[in-house]
Amino acid sequence: MFRFISQLAWKNLMRYKRRTLITALAIAMGIGMYIGVDSMLKSAEQESERNLHDFETGSGVITTKAYWDSKERIPTSEYIEHSNVLLQSLSDAGLQAAPRIQAQGELIVYEDPYPVDGSMRVILTGIDPVRDEKVFKLQKTLSKGRFLKEQNPEVILGSWIAEKLNADVGYPITIVTRTVNGYMQTIDATVVGIIDAPDPVINRTGVYLPLEYLQEMLEMPQGATHIFINFNMSNVNKNEQKINEILLNQPMLMYHSWEKLAEDYLAIAGAKQKGTSFILLLVFIIAAVGISNTMLMAVYERMRELGMLRAMGMEDEDIKNLFFIEAGLIGIIGAVFGVVLGIAFDFYLVTYGFDFSMFLKDIDIGYRVGGAFHGIWNITTMISCFFIGAVIAVLVSIFPVRRGLKKTIVECLRK
Amino acid sequence: MITIDALVKTYREGESEVHALRGVSLEIKPGEFTAIAGPSGSGKTTLLNIIGLLDDADSGKILIDGRDIQTFSGKERARFRREKLGFVFQTFNLIPVLTAYENVALALNLLQISAKEIESRTIAILHEVGLKGAENRLPSKLSGGQQQRVAIARALVKRPLLVLADEPTANLDSVTGEEIMKLMLELNKKHGTTFIFSTHDPMVMLYATRLIKLHDGLIVSDERR
Ligand SMILES: Nc1ncnc2c1ncn2[C@@H]1O[C@H](COP(=O)(O)OP(=O)(O)OP(=O)(O)O)[C@@H](O)[C@H]1O
Ligand SMILES: [Mg+2]
């Protein structure tokens, strides 16, 4: 009997080719869409983490405890005093490290060469042009002009902030800030380079000056607010242990892992992950509803046929199996198409990506993804989507088949 | 072979009640070719559905082949229909994806019959109903009359105790309808199969060897010819 039913199911699918195809395509659309969105969001998360590491946090950072406790205010005066000594110890221990200063400031530009006068509150970052490269990839993202040279009053700007100010290489720029002793300090600098980083936060907010020059201007010789460290993330414990040993006789200082440093970001990431799950849930629901709808239609359309099979004395169990086998086969065909579609989406995303940068210049959606959103190959998602899609197709057909079997045969036949 | 006693069926829809059958009693002998006639709404379909185990009566008794079908479980009903009953409907109700041959064979596929026998019986009955050469056509490629022939073959191939045909000619033109009646009568004579069919077409009634007239859920006349 089972063999006969399977054959009948197969005939139904093959002879209703158009319906089978449409139903399978609806399922495929749902599955393909889910795989594509999942690929893109997962890739965005990975890229965010990579960018965060490459441009903002490194593997971890050393600051003074006092700085850390009120880091939201950017308390530059709580800097690490003899950063060079510490850098030497880190270097001796085989660790890559880069000192940075962060300070609040205001950029001021005047008409000619700028189109209009203007000012903007920013966070200034002092970087060591040589050492910075050991931790961050800033230098590689220079899109115009040249990188900073030690001791010169020079500025490098993120591409979007430069665009906003209408700044260009060679333009003068005035920076007003406060020394660590509380005095006003005015810096007249020249824009020497523009960076275009994959991390949109850098493009949107980056204002970089040479470390030594900034140390002088802020009255903090040899000082740095942060010492970022870069090490192989596959050996976190050993490296962190090394760092903590070095800090053993430095009670004022503290090491923080990149996760802690990025806590704010990760807090967003947490919310975002909820957002990601939410988007995926939405896509899942849309896909599931699409699959359900087509399956429901496919069964309801055949109420009469179901009634005739009952009138002919086919057992309810066999009728159920007939429809479930059909649904399962459609589900599998749809899932195969869906995965193929998903692979096509993924391929497009991985090779080209979707460029949302037009919309992302002014708003921070939490992702550290500049330019195009790419995709990753999400094999696990593909496999689970394949099975879930096929299973949904069967589960969903249970409902109308049951209803058909609950009705009287007369009702089924009348339709 | 069929004994019906005081069959009552009432449909309730909200407040209103429709008395489809109000006490129908009759007896049908093996091999009879019975027409149930009567105006629309007189209860013909209801009666056939109850005899065919497609619907339940509210009260009354039916014995088919000596068995009280009202005591049957769902499974027993399905089995009874599968083994003993053949149905022909006004709208043919063929399975659209199956060919003429497959539609007929389906009735036998549901029974424990060897593939070989299924084939020979299916072919034989298709030839008998005049569908030689059309075996592999889908219902959509057959005329109404041909479709009804497939339906008749499907009902008869299992060699049933009883064939129930609800207005088998209503969807056919009069010439084709008459052909179908001739075919049914021929099969009735040849195989001795009992037929009960409903109609309100006087031409169709002419073919019946017994004519039962229903009116408002009651039998108003019953004549053998
Ligand atoms: N499912 C139902 N619900 C409510 N009323 C029904 C139902 N089925 C039939 N009836 C009513 O029962 C009565 C008998 O119906 P039935 O279909 O048996 O008549 P019929 O003689 O076959 O008529 P027709 O010649 O139009 O086919 C009619 O008044 C009809 O409206
Ligand atoms: Mg009727």
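Throughout, read-outs are computed from the coordinates displayed, never taken from laboratory work. The structure displayed is predicted, hence computed values, not measured ones. Virtual Cβ from ideal backbone geometry, glycine too; neighbours counted across all protein chains shown.
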- Message: Taking beta carbons within 10 Å but only from partner chains, what does the mean come to for residues A:407-414?
- Response: 4
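Taking neighbour counts of Cβ atoms within 10 Å as a proxy for exposure, in what order, fewest first, do A:Trp377, A:Trp10 appear?
Least crowded to most crowded, the residues run A:Trp10, A:Trp377.
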- Work out, step by step, the length gained on full extension between A:Arg50 and A:Asn237: first 0.36 nm times the residue separation, then minus their alpha carbon distance; give nm to one decimal. 65.4 nm
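Taking each residue of B:43-49 in turn, how many C-beta atoms of other protein chains fall within 10 Å of its C-beta, and what is the average?
1
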- Query: Of the residues A:Met220, A:Met40, A:Met297, which exhibits the maximal mean-square fluctuation in a Gaussian network model of chain A defined by a 10 Å Cα contact cut-off?
  - Reply: A:Met297
- Message: Compute the angle between helix A:83-92 and the longest alpha-carbon principal axis of chain A, please, reported from 0 to 90 degrees and rounded to the nearest 10.
- Response: 60
- Query: Between segment B:14-81 and segment B:152-225, what's the alpha-carbon centroid distance in Å?
  - Reply: 16
- Message: At 222 nm, what value in deg cm²/dmol follows for the protein assembly as shown if DSSP H runs of at least 4 each add -39500 (n - 2.57) and the sum is divided by all its residues, to the nearest 500?
- Response: -15000 deg cm²/dmol
- Dipole of chain A [Lys/Arg +1, Asp/Glu -1 at C-beta], most positive-end residue of A:Ala311, A:Asn12, A:Asn378: A:Ala311
- Share of Cα-Cα pairs in segment A:60-230 beyond 30 Å, in percent? 13
- Note on the structure: Dividing the mean separation of Cα pairs under 8 Å (6+ apart) by the residue count of segment A:60-230 yields a relative contact order in percent of 33
- What residue among B:Thr46, B:Gly60, B:Asn109 has its Cα farthest toward the positive end of the dipole of segment B:16-136, where the charges are +1 on Lys, Arg and -1 on Asp, Glu, each on the Cβ? B:Asn109
- Query: What percentages, rounded to whole numbers, describe P(r) for segment B:130-225 computed over all alpha carbon pairs with 10 Å bin width beginning at zero?
  - Reply: 14, 46, 31, 7, 1
- Bridge orientation stat for the protein assembly as shown from DSSP, antiparallel percent rounded to 5, came to 70
- Query: For segment B:176-223, what is the charge dipole size about the Cα centre, in debye to the nearest 20, if Lys and Arg each add +1 at the Cβ and Asp and Glu each add -1 at the Cβ?
  - Reply: 220
- Of the beta bridges DSSP finds with both residues in chain B, what % are antiparallel, to the nearest 5? 55
- Message: Taking the square root of 5 times each eigenvalue of the Cα gyration tensor, what semi-axes in Å does the equivalent ellipsoid of segment B:1-70 have, largest first?
- Response: 22, 14, 9
- Task: Starting from the amide H of B:Lys9, placed 1.01 Å from N in the peptide plane, find each other amide H under 5 Å away whose residue is 5 or more places distant or on another chain.
- Result: B:Ala20, B:Leu21, B:Arg22, B:Gly23, B:Asp58
- Message: Using 10 Å bins from zero, what percent of all Cα-Cα pairs in segment B:1-154 falls into each bin?
- Response: 10, 32, 31, 22, 5, 0
- Message: With an 8 Å Cα cut-off and a minimum separation of 6 or more residues, compute the relative contact order for chain B in percent.
- Response: 30
- Note on the structure: Treating only Lys and Arg (+1) and Asp and Glu (-1) as charged, each at its beta carbon, one finds that segment A:60-230 has a dipole about its Cα centre, in Debye to the nearest 20, of 480
- Item | Distance histogram for segment A:32-86 (every C-alpha pair counted, 10 angstrom bins, percent rounded to whole numbers) | 20, 29, 25, 15, 10, 2
- Normalised by the residues of chain A, what does the relative contact order come to in percent, with Cα pairs under 8 Å and at least six apart? 28
- Note on the structure: So, over other residues within a Cβ distance under 13 Å of B:Asp58, counting Lys, Arg +1 and Asp, Glu -1, the net charge is +1
- Item | Under-5 Å amide H pairs with B:Thr91, H placed in peptide plane, nonlocal only | none
- Each residue of B:102-109 has, on average, a number of other protein chain C-beta atoms within 10 Å of its C-beta equal to 3
- Could you give the dipole magnitude of the protein assembly as shown about its Cα centre, charging the beta-carbon of Lys and Arg +1 and that of Asp and Glu -1, in debye to the nearest 20? 4040
- Item | Karplus (6.51, -1.76, 1.60) ³J(HN,Hα), θ = phi - 60°, over segment B:189-196, in Hz, Gly and Pro reported as x | 6, 5, 9, x, 6, 6, 10, 10
- Calc'd 3J(HN,Hα), segment B:8-13, phi into Karplus 6.51 cos²θ - 1.76 cosθ + 1.60 (θ = phi - 60°), Hz, glycine/Pro = x, comes to 10, 9, 10, 9, 10, 10
- Message: Could you tell me the extents of segment B:77-156's C-alpha atoms along the three principal axes, largest first, rounded to whole Å?
- Response: 31, 28, 22
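For the protein assembly as shown, just run the numbers: alpha carbon Rg, then divide by 2.2 N^0.38 Å, N being how many residues it has. Spell out each step's value before the answer.
Details: Rg = 41.8 Å, N = 640, 2.2 N^0.38 = 25.6 Å.
Computed over Cα atoms of the protein assembly as shown, the ratio equals 1.63.
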- Query: At A:Glu219 and B:Glu119, where each label point lies 7 Å from the Cα along Cα→Cβ, what is the point-to-point distance in nanometres?
  - Reply: 10.6
- Note on the structure: Ranking B:Asn188, B:Thr91, B:Tyr11 by how far each Cα lies towards the positive end of the charge dipole of chain B (+1 on Lys and Arg Cβ, -1 on Asp and Glu Cβ), the top one is B:Asn188
